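Just below is one structure, and these are the notes that go with it.
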Amino acid sequence: MPLRPLIALLSLAATWGGSYLLIAVALRSTTPATLTLARFLPAAVLMLLLAAARGHLRGLRGRWRAVALLALAQQAGPMLLIAIGEQSIPSGLAGTLVAVTPLWGALLAPALGGPRPSRTAWAGLLVGLLGVGLLLGASTDGAALLGCAVVLLAALGYAVGAAWTARRFPEVPRLGLLAAVLTCSTLWLVPPVLLDPPTRLPTLEGVLAMAVLGLVGTGLAFVLMYWLIAQVGPERTTLVTYLAPVFAVGYGTWLLGEELTGRAVVGLVLVVGGAWLAGRRAKAGPGVPVTVPPQAGPVVPAVR
């Protein structure tokens with residue numbers, strides 16, 4: 001990979017891996033729903049301006065109901081679940097568990113109209129599940145186990161959204177679809193905020209964390225992602241999926257003082273390795289969606 005795309009890839013992985021750190025910081029002074037709404041709103045405005053300037057919103061006429069459902073399954077739901085999960089588990093663990101998205105994708109592919117998992121994909125599933133088992137086994141607290149389950153459910157939403165995007169919106173420009181999904185996601189988050197409003201003003205630290213999450217992790221990162229896809233293609237861009245968890249664990253350990261055990265390291269390696277093996281099915285032929293999961297930042301995972 002040329003130097004500039006390589007730097008962009010590492011920057012994207014570092015940005016999305018850092019999203020879990022920022023979520024943990026913001027949750028110190030606000031609710032999960034408020035945090036998630038705050039990160040969607042500036043990203044939605046930014047993407048709408050970019051998409052409208054390029055005329056990429058025209059292909060969405062008559063499809064807003066489907067876009068709204070996609071936004072709930074792929075963005076609003078998963079990102080809210082991740083924030084809820086991080087209330088009881090470390091940020092690095094959350095970043096690692098989201099990396100199982102390709103495992104979900106391989107497992108659900110036949111039911112979603114895709115190919116059956118190959119032997120390599122099955123091997124990846126087994127390796128990844130072993131890694132998840134190690135990570136869950138390290139959590140003896142009931143709240144922590146529930147937090148892990150919630151984040152795994154978020155990864156499932158990413159996988160379903162990626163497959164649905166590839167089938168339901170194959171000809172819609174990705175930038176326009178992303179702008180529409182982020183806008184609908186913002187609207188989806190209003191009711192949860194009203195049901196669970198913040199009881200105090202966020203700290204300056206929390207405000208800065210939410211601002212960076214919205215403008216950088218959920219906004220500008222997508223501009224970088226599309227540039228990277230144009231330079232090296234979607235398959236190489238998916239490498240960010242396997243690099244972001246490493247950054248998430250590193251940030252959590254270094255900046256938040258989260259404990260890093262040998263078991264956690266082995267679990268991380270197995271989850272990322274299994275996800276890579278399972279994700280290799282994307283090279284099997286045309287029509288198989290390539291997934292770039294929204295590492296807490298999200299995204300429209302399916303790209304063309």
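Computed from the coordinates by the stated procedures, all read-outs in this text should not be read as laboratory data. Predicted model only: the values in this text are computed from it and were never measured.
Whose amide H sits under 5 Å from the amide H of VAL172, counting only residues 5 or more places off or on another chain, with H placed in the peptide plane?
Excluding prolines and chain starts, which carry no amide H, there are no hits.
In terms of the Cα gyration tensor, with a ≥ b ≥ c the square roots of its eigenvalues, is segment 78-236 rounded because a/c is under 1.5, prolate because a/b exceeds b/c, or oblate?
Here segment 78-236 falls in the oblate category.
What list of ³J(HN,Hα) values in whole Hz, one per residue of segment 145-159 in order, does the Karplus curve 6.51 cos²θ - 1.76 cosθ + 1.60 (θ = phi - 60°) give from phi, with Gly and Pro shown as x?
These are the phi-based 3J(HN,Hα) values: 4, 5, x, 4, 4, 5, 5, 4, 5, 4, 4, 4, x, 4, 5 Hz.
Can you tell me which of LEU49, LEU93, LEU37 moves the most in a GNM of the chain? Springs connect C-alpha atoms under 10 Å apart.
Most flexible of the set in this elastic network: LEU49.
With the Cα gyration tensor of segment 16-159 giving a ≥ b ≥ c as the square roots of its eigenvalues, does the rule (a/c under 1.5 for rounded; else a/b larger than b/c for prolate; else oblate) give rounded, prolate or oblate?
Oblate is the answer for segment 16-159, as a/c is 1.5 or above yet b/c matches or exceeds a/b.
Quick one: what are the phi-derived ³J(HN,Hα) couplings along segment 113-128, Karplus 6.51/-1.76/1.60 with θ = phi - 60°, whole Hz, x for glycine and proline?
Computed from phi, the couplings for segment 113-128 are x, x, x, 6, x, 6, 4, 5, 5, 5, 4, x, 4, 5, 5, x Hz.
For the chain, what is the relative contact order in percent, using Cα pairs closer than 8 Å and at least 6 residues apart in sequence?
Working: 542 pairs, mean separation 122.7, N = 304.
Averaging sequence separation for qualifying contacts and normalising by length gives 40 percent for the chain.
Show me, for segment 200-215, the HN-Hα J-couplings you get by feeding each phi into the Karplus relation (A = 6.51, B = -1.76, C = 1.60, θ = phi - 60°), rounded to Hz, glycine and proline as x.
So the J values, rounded to whole Hz, are 8, 5, x, 6, 4, 4, x, 4, 5, 4, 5, 5, 5, 4, x, 7.
For the chain, what is the calculated [θ] at 222 nm in deg cm²/dmol (nearest 500), taking -39500 (n - 2.57) for each run of four or more DSSP H residues and dividing by its residue count?
Computed mean residue ellipticity for the chain: -22000 deg cm²/dmol.
Springs between alpha-carbon pairs under 10 angstrom, Gaussian network model over the chain: which of VAL212, VAL246, VAL190 fluctuates most?
Comparing VAL212, VAL246, VAL190 in a Gaussian network model of the chain, the most mobile one is VAL190.
Restricting things to alpha carbons, find the Rg to Rh ratio for the chain using the Kirkwood radius for Rh.
Rg divided by Rh gives 0.94.
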